[in-house]
Structure formats: structure tokens, C-alpha cells
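Here the structure is laid out as C-alpha cells; the discussion comes afterwards.
The values are calculated or read from the model by the stated rules, or taken from the named source; none is laboratory data. These numbers come from a predicted model, not from an experiment. Cβ coordinates were reconstructed from backbone atoms using ideal geometry, including for glycine residues, and neighbour counts include every protein chain displayed. Ligands, DNA and RNA are excluded from the accessible area calculation, which covers all protein heavy atoms including side chains. Shrake-Rupley method; radii C 1.70, N 1.55, O 1.52, S 1.80 Å.
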Amino acid sequence: MKKVSKHILRIILYGFLAVVTLFAVFPVVYILLSSFKSNQEILVGGVRIIPREWHLENYVQAWNLANFGKLTFNSIFYTVAVVAGCVLTSILAGYVFARGTTRFSRLVNAMLLCSMFVSIGTLSLYPQLSLAKLFGLNGTLWGPIIIRVFGMNATQVFVATGFVRQISREIDEAAQIDGCGFFGIFCRIIFPLCKPLVATTGLMAFRTAWSDYLLPYVFTISAKEKWPLVVGVVSLKSSGEAVSSWNLMLAGISISILPMFIIYLFLNKYFISGLTEGSVKG
């Protein structure tokens with residue numbers, strides 16, 4: 001009887017996972033296959049997934065119209081700057097919150113964790129843009145970069161704090177005996193031990209930066225030469241003479257998501273390691 005119940009539970013579990021996988025994978029598959037359709041087939045073709053005719057020229061037109069070379073360079077610059085800044089600030093903040101013993105550090109940590117449950121959404125765009133204009137950062141990607149880096153993503157800091165807490169304090173004490181200060185310990189001891197954490201926070205920041213649309217668009221709305229790839233891809237929808245060019249936009253999206261798949265493919269092992277080590281306390 002127990003074996004039968006275990007088999008039933010396993011079937012239910014696998015069935016549930018299959019449904020979740022279907023909902024997660026279907027949009028990506030639909031985008032990839034629809035990128036080979038004509039615009040007319042997308043608009044009137046119903047729910048048919050497989051294209052009736054394969055239009056490879058969608059990718060050529062999307063590449064030329066969106067100036068993918070320039071937009072890709074802008075996205076790489078924006079993403080690398082955000083990833084490098086977020087990795088450094090989140091791990092440094094996690095170290096301070098994990099090792100800090102002052103009331104101020106505990107208060108800031110509590111406030112940052114509370115922000116995980118509060119979202120002001122687009123309400124912060126206007127004051128951020130006004131502040132950027134004050135410092136002459138509007139019309140460039142430096143405004144969004146500074147906001148993403150010093151905005152302190154609560155999830156990344158939370159994972160970093162949990163990871164650093166797993167590192168024995170005895171290492172800190174041994175370094176202090178050798179003359180290392182608080183930040184000397186971070187640079188020489190803690191940070192070199194955080195390779196899985198670097199991959200985890202880096203992937204989180206990469207996902208946010210590479211697919212970021214609204215913030216870069218608002219800051220560079222009057223400077224198309226500064227647009228990142230996602231902003232240029234979305235603009236492909238209005239590149240047609242009459243109707244929306246969904247085929248070109250979907251082709252552009254298919255090109256833009258390729259780097260994300262490659263990065264996750266190579267760093268997935270470290271990403272999972274950093275999450276698990278930062279979430280278990282012991």
C-alpha cells in the first residue's frame with residue numbers, strides 16, 4: 001500500500017513539474033518559432049506554432065533596421081558596468097552586515113530587507129531622472145548604471161549576507177592577529193572565498209541589466225545612439241509603414257536572449273552553489 005501511494009505521489013509531482021515546465025518554456029518556444037513567420041501570419045494565423053513558411057530574412061531586416069552592432073555594444077557596456085558594480089557593492093554590503101556588530105549596520109540591514117516586500121515601481125522614475133539632470137547624467141547610460149549599482153538590490157545583498165555568514169569567523173581572527181583591518185580582511189580573505197557568490201550575484205545583475213528596458217529608455221529617450229539592445233528591439237515593432245512589425249521584433253528578441261542563455265549555460269553550476277550556500281545557516 002505504501003509503495004502504491006509513493007508511486008501516486010511521484011506521478012502527481014512529475015505531472016505538476018511538467019505543467020510548470022510547459023508554462024515556463026512555451027513563451028520562449030513561441031517567440032523563437034514566431035520569429036520565422038511573416039507579420040501577416042502572426043496577426044491572423046491563430047494559435048498555430050509552427051510557421052507555414054520560414055522567413056529567415058526577418059533576422060537580416062531586424063539586424064539592419066535596429067543597428068544591432070551599435071546597440072549590442074551599448075548593452076555590453078551597460079551590462080558589464082552594472083554587473084561589476086553590483087557584485088562589488090552587494091558582496092561588500094553582505095560582508096558588513098554579516099560581520100558588523102554596530103546598531104547602525106543592523107538597522108540598515110533591517111531596512112534593506114524590509115524593502116524586499118515594498119515596491120514603488122515606476123514612481124521613483126521622475127525623482128531619479130530629476131536628480132540625474134541635476135548632475136548632468138541624463139541622455140547617457142551612466143544614470144541607469146549608477147542607480148542599478150548603488151540602488152542596492154535587496155535580494156543580492158540578502159544572498160551575500162547569508163553566504164558570508166557561512167565563512168568561519170576564526171579566519172577573521174587569524175587575519176586580525178597578522179595585522180589585517182576590517183576591510184583588509186575583506187580584500188585579502190573574504191572576497192577570494194566568494195567565487196560562487198560572485199557568479200550568483202553576477203547572474204542576477206546580468207539578468208536585470210541585459211533585459212532592462214524602462215530605466216535606460218527614460219534616460220536615453222532623446223539619444224537613440226545610446227539605446228541598449230532591448231530598447232532598440234522593442235522599437236522594431238513600429239518600424240513598419242502601417243501595422244506593427246511583430247515578426248521583426250520577435251526576431252530581434254530571439255537574437256537578444258541568446259547571450260543570456262549562453263551565460264546561464266556556463267555559470268549555472270556556480271549560480272546554484274552560491275544560492276544554496278547562502279541560504280543554509282549552520
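Worth a mention:
- Close contacts from region 252-276, counting a first residue that is in a helix (DSSP H, G or I) and open to solvent by 70 Å² or more (accessible area, probe 1.4 Å) and a second that is among the charged types (D, E, K, R) and modelled with pLDDT under 80, with Cβ to Cβ under 9 Å and a gap of 6+ residues or different chains, come to none at all.
- The single condition among (1) under 26 Å from the mean Cα position of the chain (by Cα); (2) at pLDDT 85 or above; (3) not aromatic (Phe, Trp, Tyr) that Gly184 does not meet is (1).
- Test: residue in region 86-93 that is under 30 Å from Arg165 (Cβ atoms) and of a type in the set (Ser, Thr, Tyr): yes
- The helices (runs of 4 or more DSSP H) located wholly in region 174-220 that include 3 or more residues which are touching a residue at least 40 places away in the same chain (Cβ under 8 Å) occupy 195-210, 214-219.
- A residue that is more than 24 Å from the chain's Cα centre (by Cα), open to solvent by less than 60 Å² (accessible area, probe 1.4 Å), under 29 Å from Leu267 (Cβ atoms) and at pLDDT 85 or above occurs nowhere in region 217-233.
- Qualifying residue in region 144-155 (condition: within 26 Å of Ala81 (Cβ to Cβ), out of contact with any strand residue (DSSP E or B) (no Cβ under 6 Å at 6 or more places or on another chain), modelled with pLDDT of 80 or more and not in a helix (DSSP H, G or I)): yes
- Residue check: Ala98 meets all listed conditions (1) under 28 Å from Tyr213 (Cβ atoms); (2) open to solvent by less than 30 Å² (accessible area, probe 1.4 Å); (3) in contact (Cβ under 8 Å) with a residue 24 or more places away in the chain but one, namely (1).
- Filtered residues of region 34-77 (kept if open to solvent by 20 Å² or more (accessible area, probe 1.4 Å), among the hydrophobic types (A, V, I, L, M, F, W, C) and under 30 Å from Gly202 (Cβ atoms)): Trp63, Phe73, Ile76, Phe77
- Check on Leu113, out of contact with any strand residue (DSSP E or B) (no Cβ under 8 Å at 6 or more places or on another chain), at pLDDT below 85, exposed (fewer than 13 other Cβ atoms within 10 Å of the Cβ) and in a helix (DSSP H, G or I): no
- Meets criteria (assigned to a helix (DSSP H, G or I), among the hydroxyl-bearing types (Ser, Thr, Tyr) and farther than 30 Å from Thr220 by Cβ) for Ser124: no
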